[in-house]
Amino acid sequence: MTKADLVNAIAEQAGLSKADAEKALKAFTGAVTQALKAGEKVSLVGFGTFSVGQRAARTGKNPQTGAKIKIPAAKSPKFKAGGPERRRQQKEVS
């Protein structure tokens, strides 16, 4: 699903114009992004949790030269599906 598809689905299901649905989506993603930058978790009960994960520094290998390189520690956004959503996805896969 693309962003445009998501905007269309929000507009249809919520009875909003596409412009209002896009504003709502931008507001949601902006709020989640700000919370994650502040180191907070964003939990949506029944859907899932957005959080920031920590990746440790490690040694990698340059695929062109084979030389060892140091990869620095990094933070990355994570999403974990909540119970009902996770079970719904598992049923669709099975």
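What to note about this one:
- Tally, over region 4-55, of residues that are more than 23 Å from Lys75 (Cα to Cα) and of a type in the set (Ser, Thr, Tyr): 1
- When Ala27 is tested against the conditions (1) modelled with pLDDT under 95; (2) in a helix (DSSP H, G or I), the lone failure is (1).
- Region 73-87 residues that are more than 19 Å from Gln54 (Cα to Cα), paired with ones that are of a type outside the set (Val, Ile, Thr) (beta carbon under 6 Å, 6 or more apart): Gly82/Gly46; Gly82/Phe47; Gly82/Gly48; Pro84/Gly46; Glu85/Phe47; Glu85/Gly48
- Among the residues listed as Gly39, Gly46, the single one being touching a helix residue (DSSP H, G or I) at 6+ places or on another chain (Cβ under 8 Å), in a loop (DSSP other than H, G, I, E, B) and modelled with pLDDT under 95: Gly46
- Selection over region 10-42 of residues that are surrounded by 13 or more Cβ atoms within 10 Å (Cβ to Cβ) and either farther than 21 Å from Ala81 by Cα or in contact (Cβ under 8 Å) with a residue 12 or more places away in the chain (or both) gives a count of 13.
- Among residues that are closer than 24 Å to Arg88 by Cβ and under 14 Å from the mean Cα position of the chain (by Cα), Leu36 is not included.
- Any chance Glu92 is exposed (fewer than 12 other Cβ atoms within 10 Å of the Cβ) and among the acidic types (Asp, Glu): yes
The values are calculated or read from the model by the stated rules, or taken from the named source; none is laboratory data. Because the structure is predicted, anything quoted here is derived from the model rather than measured. We place every Cβ from the backbone using ideal geometry, glycine too, and count neighbours over all the protein chains shown.
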